[in-house]
Amino acid sequence: MALYLVQHGKSLSKDVDPDPGLTEDGKATVSRIAEVAASYGIQPTQIRHSGKQRARETAEILKKTLTVTTRLTPMNGIAPKDEVIPFTQTLDGIDGLMIVSHLPFLERLCALLTTGDPDITVFKFQKGGIVCLDQLPPPFGWVIKWALMPEIS
């Protein structure tokens, strides 16, 4: 079961706008990552975002480039400081879900799913990057299957 975790692209400063959108560089980075994902045949079944403008704009770029046919859906419980345990209880049977969210939520979710402890950092997310988790059959759990990141240095 694939679960795609995406940190929104680079955004304007919160000093400029309390709910900032993506910068031009942020849009370009997300577009580039989305094109690479599309070239690998990555096809999420649905995309959900936090409802914040920067996450929604990131989700819109991904939806268009990855030709996702379902509607983009804002989702409660995936904001930056939301608790990750309640979210994990909604994952049963949803294959191909892409979540566009924020830090520290994404890093804590990835840690909880792969180690059972949300306070252990197992992956350093980057703005505009995608991490794919896969759920192995019992008794195994979630693993990081692959990642596409804008910066490799």
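Read the figures in this text as sums done on the coordinates, not as results from a lab. In this text the structure is predicted, and so the values were computed from the model without any measurement. Here the Cβ is made from the backbone with ideal geometry for all residues, glycine too, and neighbour counts use every protein chain on show.
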Semi-axes a, b, c in Å (a largest) for the chain, each sqrt of 5 times a Cα gyration tensor eigenvalue, come to 23, 18, 15
Using only Cα positions of the stretch 51-130, each an equal point scatterer, no hydration layer, compute I(q)/I(0) via Debye at q = 0.19 Å⁻¹ and quote the log10 values to two decimals. -0.89
Considering only DSSP states other than H, G, I, E and B, which chymotrypsin sites (Phe, Trp or Tyr not before Pro) in the stretch 81-153 qualify as loop sites with at most 11 other Cβ atoms within 10 Å? Phe140
Students often forget the sequence filter, so: which lysines lie under 21 Å Cα-Cα from Lys27 once same-chain residues fewer than 8 apart are removed? Lys10, Lys14, Lys52, Lys63, Lys64, Lys124, Lys127
Okay, helix-only estimate at 222 nm for the chain: each DSSP H run of n ≥ 4 adds -39500 (n - 2.57), divide by all residues, round to 500 deg cm²/dmol; what do you get? -9000 deg cm²/dmol
Using a cut-off of 12 Å between beta-carbons, work out the net charge of the residues near Thr70 (Lys and Arg +1, Asp and Glu -1, Thr70 not included). +3
